[in-house]
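The values are calculated or read from the model by the stated rules, or taken from the named source; none is laboratory data. Predicted model, so just to flag it, every value in this text is computed and none were measured. Here the Cβ positions follow ideal geometry from the backbone for every residue, glycine too, while neighbour counts run over all protein chains shown. Keep in mind that these areas ignore ligands, DNA and RNA; they rest on the heavy atoms of the full protein, side chains included. Shrake-Rupley method; radii C 1.70, N 1.55, O 1.52, S 1.80 Å.
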Amino acid sequence: NDLPKAVPSFNTVMYADDTSFFCQGSTWCEVVANFNHESVHIVNWLKLNRLSLNVQKTHAVIFSPKFNPDMPPLDIVLNNHSIEIVPSTLFLGVIIDSHLKWQLHINHVASRAAKGAGILYKLKHKFYHRTLIMLYNAFVFSHLCYGNIVWGNAAHTYLDRLYLLQKRIVRIICNKSYLAHTNSLFIELKI
């Protein structure tokens with residue numbers, strides 16, 4: 001059969017106690033109508049499996065390539081409760097915004113990396129290189145790697161902040177001045 005397969009308008013992703021529903025459509029109203037139609041099945045499935053839904057923790061994000069000022073007011077309903085539409089959400093530890101720009105998540109990673117840099121700065125005269133690199137891996141690198149397959153292709157204007165933080169951290173580990181070149185330091189530390 002050479003006919004293209006229909007794209008499902010509704011998908012579910014479950015991980016531990018988190019459940020995400022993805023609904024698509026060609027218009028805002030179609031997306032909301034599809035979700036509101038499927039929400040009956042969601043509620044029934046939850047009841048059959050003796051699960052409860054915390055409506056206060058439930059929200060919706062509408063993904064769109066650009067902001068549309070003509071978007072009508074949307075009423076997404078689940079179990080007779082209106083669901084709040086938010087501009088971003090935390091999904092398995094990654095902050096996803098409605099335009100998939102990743103700026104919010106990168107800002108979060110940068111704040112974690114900056115805290116790690118502060119820890120390394122305070123400890124740089126007390127530990128050897130090897131220990132500082134282990135601390136780097138624990139306090140900085142772990143945050144830089146987590147989910148980067150998703151957000152790592154963001155605009156360079158967002159990612160440059162992380163690169164500058166890494167350069168600062170490499171200088172700290174090697175006990176170099178603020179203006180020292182870092183290319184050889186990255187190679188030396190294998191970072």
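Structural remarks
- Using the Cβ-Cβ distance between HIS156 and THR19 with R0 set to 45 Å, the FRET efficiency works out to roughly 0.85.
- Probe 1.4 Å - accessible area at LYS167, Å² to nearest ten: 50 Å²
- Accessible-area rank, largest first, for LEU179, LEU164: LEU179, LEU164, with all protein chains present and a 1.4 angstrom probe.
- Whole-percent carbon and sulfur share, accessible surface of the range 80-191, 1.4 Å: 59 percent
- Pairs spanning more than 23 Å between alpha-carbon atoms, out of LYS124/LYS167; LYS57/LYS115; LYS126/LYS167; LYS101/LYS122: LYS57/LYS115; LYS101/LYS122.
- For the options TYR121, TYR158, TYR178, a Gaussian network treatment of the chain with springs between C-alpha atoms closer than 10 Å singles out TYR178 as fluctuating the most.
- A 1.4 Å probe run over the protein chains yields, for the chain, 71 Å² of accessible area per residue, whole-number rounding.
- Multiplying the residue separation of ASN183 and ASN11 by 0.36 nm and subtracting their alpha-carbon distance yields 57.4 nm.
- With only Cα atoms counted, the chain has Rg and Dmax values of 22.4, 69 Å.
- A Förster distance of 30 Å, applied to the separation of the beta-carbon atoms of VAL86 and ASN175, puts the FRET efficiency at 0.10.
- Cα-Cα pairs of the range 94-169 separated by more than 15 Å (percent): 53 percent
- Of the whole protein surface, ASP75 contributes about 90 Å² of accessible area at a 1.4 Å probe radius.
- As a calculated quantity, the FRET efficiency between VAL55 and GLU30 at R0 = 25 Å, using C-beta atoms, amounts to about 0.55.
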